[in-house]
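Worksheet for the structure shown next.
The values are calculated or read from the model by the stated rules, or taken from the named source; none is laboratory data. Note that this is a predicted model, so its numbers are computed, not measured. For neighbour counting, all protein chains shown are included, and Cβ atoms are generated from backbone atoms with ideal geometry for every residue, glycine included. Heads up: the accessible areas ignore ligands, DNA and RNA and are worked out on the full protein's heavy atoms, side chains in. Shrake-Rupley method; radii C 1.70, N 1.55, O 1.52, S 1.80 Å.
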Amino acid sequence: MNELDPDAELLPRIARGDQSAIREMVAKKLSRLLALGMRMLNDRGEAEDVAQETFLRVWKQAENWQSGGAKFDTWLHKVALNLCYDRLRSRKDYTDKDYSDEDAPELIDPALIPEQRLDKSQQGDVISAALAILPNRQREALVLQYYQELSNIEAADLMGVSVDALESLLSRARRNMRALLAEQGVHKA
């Protein structure tokens, strides 16, 4: 229906209460929303709550959606990010150093031998901890570009900054990540 926005055809169906359209939307978007929530909140339960609230908002707003403006996926990510920031602000004892990736789904490369899996898992933990230490905007920029695989234009739009500002955030974030990882003995291969 709309080549520029692949989700546009689902929204009228969702607005009519079409259960198959709702299931299709959840199937398409759930894993990315959970990953975004996990990277931003560091808590599986909260990430699931954010994903659920995001889908509730899709369901409630579907009849008001007008194609031709922002892509649906951009709006969806913005809603999820805003919900993540609401939760971060509500944490009384929140610090960037309070991070545990224990609940994150672990993707294991079946070709690795057990010792390599452990090394890869430990490196993943170190990378996740370093990511959590970054300032929120730098972390958000990295998560959107690397983990959510958004283009610079899409990520900048979501963050409400220019592409140049996003690239500056990414540059600082990568520099900070390299320094944090070097402190932990993780070097680029």
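On the beta carbon distance between Ile153 and Asp18, with R0 = 35 Å, the FRET formula returns roughly 0.65. Highest-first packing order for the peptide set 26-33, 40-47, 12-19 is 40-47, 26-33, 12-19, based on the mean count of other beta carbon atoms within 10 Å.
With r defined as the distance between the Cβ atoms of Val163 and Ser67 and R0 fixed at 25 Å, what FRET efficiency is calculated, to the nearest 0.05?
Details: r = 23 Å, r/R0 = 0.94.
Calculated value: 0.60.
Note on Lys78 and Ser171: their simple-model spin labels are 2.7 nm apart, each label 7 Å out from Cα toward Cβ. The HN-Hα couplings worked out from phi for the stretch 53-63 by the Karplus form 6.51 cos²θ - 1.76 cosθ + 1.60 (θ = phi - 60°) are 5, 4, 5, 4, 5, 4, 4, 6, 9, 4, 5 Hz, whole numbers, x standing for Gly and Pro. Accessible area per residue (1.4 Å probe, heavy atoms of protein chains only) ranks Asp73, Asp164 as Asp164, Asp73, with the largest value leading.
In order along the stretch 127-141, phi translates into HN-Hα couplings of 5, 4, 5, 5, 4, 5, 7, 4, x, 3, 5, 5, 4, 4, 4 Hz, rounded to whole numbers, per the Karplus curve 6.51 cos²θ - 1.76 cosθ + 1.60 with θ = phi - 60° and x for Gly and Pro.
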